[in-house]
Every structure is written in structure tokens, then in C-alpha cells.
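The values are calculated or read from the model by the stated rules, or taken from the named source; none is laboratory data. Keep in mind that this is a model prediction, so the values were computed, not measured. Ideal geometry is used to build each Cβ from the backbone, glycine not excepted, and the neighbour counts take in all protein chains shown. Remember, those area values only see protein heavy atoms, side chains included, never the ligands or the DNA or RNA. Shrake-Rupley method; radii C 1.70, N 1.55, O 1.52, S 1.80 Å.
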Amino acid sequence: MRMLCLLLMLTVTGAGASELGALAKQCAACHGVDGISRWPDVPNIAGLPEVVIANALYDYRGHARPCRKPVCAEDGACPDLSMCEIAEPMTDGQMDTLARFYAARPFGSAANEYDPRLAEQGLTIHNSNCEICHTTGGSDPEDEASILRGQNRAYIANAMNDYRSGKRLGEAAMLKRLNALSAEEVAALVEFYASPQVPAPPTLR
Ligand code: HEC
Ligand code: HEC
């Protein structure tokens, strides 16, 4: 264990640190310097499980997830790139380093607008369909099914639609439940996941 820590320290303080800095700078243009994004269709990546971040990067590189560009690219407010283009030149090692870096930072709920009445309905739908895998109301950072609550609202809506339309692959047990929902139920889930986590994390912005 001590050896491992020493090795990790060497990687982070050596050439790895400046490489990580350069990579993370590219991410910051859309995901924010701390991994907390201000664009509704760009997810907060700080505090997501390491495996979720790494898998996402592998999937984008392999075009296994949709290659959409964020809306902020339309008027030049952020780079005109999709995640697939960003992931394409990256090595496995770089992806794993970035995953470790962002997973170690605290998640912060997005400052979304949401309808409290619909969010309440969304919570009920979540509890009977999703809580079994997305525990603690979809807000557990240890949960390898990722954080849903407090995530940027357009990103979460896109993600659910991607699964429902077959553009993103997911576990069969999840797809079965997601596909059985009505459009109204999905809309209520979006309101629930758009609501901030309780208690609010200290990094709310
Ligand atoms: C041009 C803006 C932009 C840049 C730069 C960017 N991203 Fe993204 N990122 C996005 C968008 C948009 C999405 C959501 C795409 C979708 O709907 O699938 C996303 C999604 C992700 C996800 C998926 C999260 C999840 O919950 O599945 C991860 C992980 C990620 N980005 C990491 C990174 C990293 C690491 C970098 C830097 C190497 C980076 N991104 C650079 C725009 C960007
Ligand atoms: C059988 C377990 C299971 C069930 C049930 C389930 N999920 Fe998932 N879900 C997962 C896993 C595992 C992932 C992470 C996939 C990955 O790494 O990309 C995930 C990912 C997601 C994501 C993408 C998160 C991200 O960061 O991009 C959304 C959105 C989602 N689930 C919504 C739901 C909703 C809504 C329900 C209930 C209707 C549900 N899930 C039920 C296992 C499940």
C-alpha cells in the first residue's frame, strides 16, 4: 500500500502533473475548472465515480455514445467540439488519470430551475423504478450507476432520451424500466433530478 502511494505521488508530481494540467485545461472550457459546468447540456463531472468517468471517455472514443456538440458551441462561447472528437486522440492512461482527478473532487448540484410539484412526482417514480440501482435518490457518489440528482437538467434529459431511443447502450434491467415510462413520467423525473441534493453540497454555485 505504501509503495502504491509513493508510486502515485511520483506520477502526479512528475511529468504526469503538467500533462494532467494541460488535459484538464481543455476540459475546463466546458466542464468548468472544478468539473462543475455552467452549461445545461454539459454534465458536472466532479465527484462522479471514477469508473463512470473512465467508461464515458472510452465510449465516446469508440463512438458508442452520441457525439453531440454542446449548445454553447453555437455562438463560440465554448469550443466547437463533441466529446468523441475530444476523446479520439487520448490514450487509456490519459483517460484513467482524468477519471481519477475528477472523481476525487466534490460534486456540486447545478443551479437548475425546477418545478417542485413535478419533482415530488418524479421522486415517487424514481423510488419505484430507479432507486434499486441509483440509491439515495440518485445522489450517492459511491454508486457506480452515477449521480443523477443535482446534475445539469438538459444533460439528464438528453441521457434518458438517448437510452429510450436506443442511441446509448445501457443495462437491460434499466432499459426495461426506462422504456416502460410515459413521456410525462420522464418529464417528472427530469424535474426531480434537476432539484438540488439535500443537504446542499458546500460547492453549490
Ligand atoms: C466542447 C465542450 C466540451 C469539452 C471541451 C469537454 N467536454 Fe466532456 N462533455 C461535453 C458534453 C456536451 C457532454 C455531454 C454529451 C452527451 O450528451 O452525451 C460531455 C460529457 C462528458 C462526460 C460524461 C459524463 C457522464 O455522466 O456520463 C465525461 C466523463 C466528460 N464529458 C469528460 C470530459 C473530459 C475529461 C474532458 C477533457 C479532456 C472533456 N469532457 C471536455 C462537452 C465537453
Ligand atoms: C439495474 C440497475 C439500474 C436501474 C434499475 C436503473 N439504472 Fe440507470 N444506470 C445504471 C448504471 C449501471 C448506469 C451507469 C452506466 C454508465 O456507466 O454509463 C446508469 C446510468 C443512468 C443514467 C446516465 C447517467 C450519466 O451520468 O450519464 C441515467 C440518466 C439513468 N441511469 C437513469 C435511470 C432512470 C431514470 C432509471 C429508472 C427509470 C434507472 N436509471 C434505472 C443502472 C440502472
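Brief remarks follow.
- Relative pair counts by distance (%), Cα atoms of the chain, 5 Å bins: 1, 7, 14, 20, 20, 16, 11, 6, 3, 1, 0
- Gyration tensor analysis over the Cα atoms of the range 21-103 returns equivalent ellipsoid semi-axes of 18, 15, 11 Å (largest first, whole Å).
- Computed about its Cα centre, the charge dipole of the range 21-103 is approximately 100 debye, with only Lys, Arg, Asp and Glu carrying charge at their Cβ.
- Ordering Ser139, Pro106, Ala119 by the projection of their Cα atoms onto the charge dipole of the chain, which places +1 on the Cβ of Lys and Arg and -1 on the Cβ of Asp and Glu, puts Pro106 at the extreme positive end.
- About the centre of its Cα atoms, the range 116-194 shows a dipole size close to 320 debye [charges on the beta carbon of Lys, Arg (+1) and Asp, Glu (-1) only; nearest 20 debye].
- Dividing the summed -39500 (n - 2.57) terms of all DSSP H runs of n ≥ 4 by the residue count of the chain sets its mean residue ellipticity at 222 nm at -16000 deg cm²/dmol.
- Sites Cys67 and Thr91, calculated FRET efficiency, Cβ-Cβ separation with R0 22 Å, nearest 0.05: 0.65
- Simple point charges give the picture: +1 on the Cβ of Lys and Arg, -1 on the Cβ of Asp and Glu, and for the chain a dipole about the Cα centre of about 160 debye.
- The range 116-194: C-alpha gyration tensor shape, a/c 1.5 cut-off, then a/b vs b/c: rounded
- Solvent-accessible ranking of Thr97, Thr136, largest area first, probe 1.4 Å: Thr136, Thr97
- R0 of 25 Å, Cβ-Cβ distance Asp115-Ser182: FRET efficiency to nearest 0.05: 0.90
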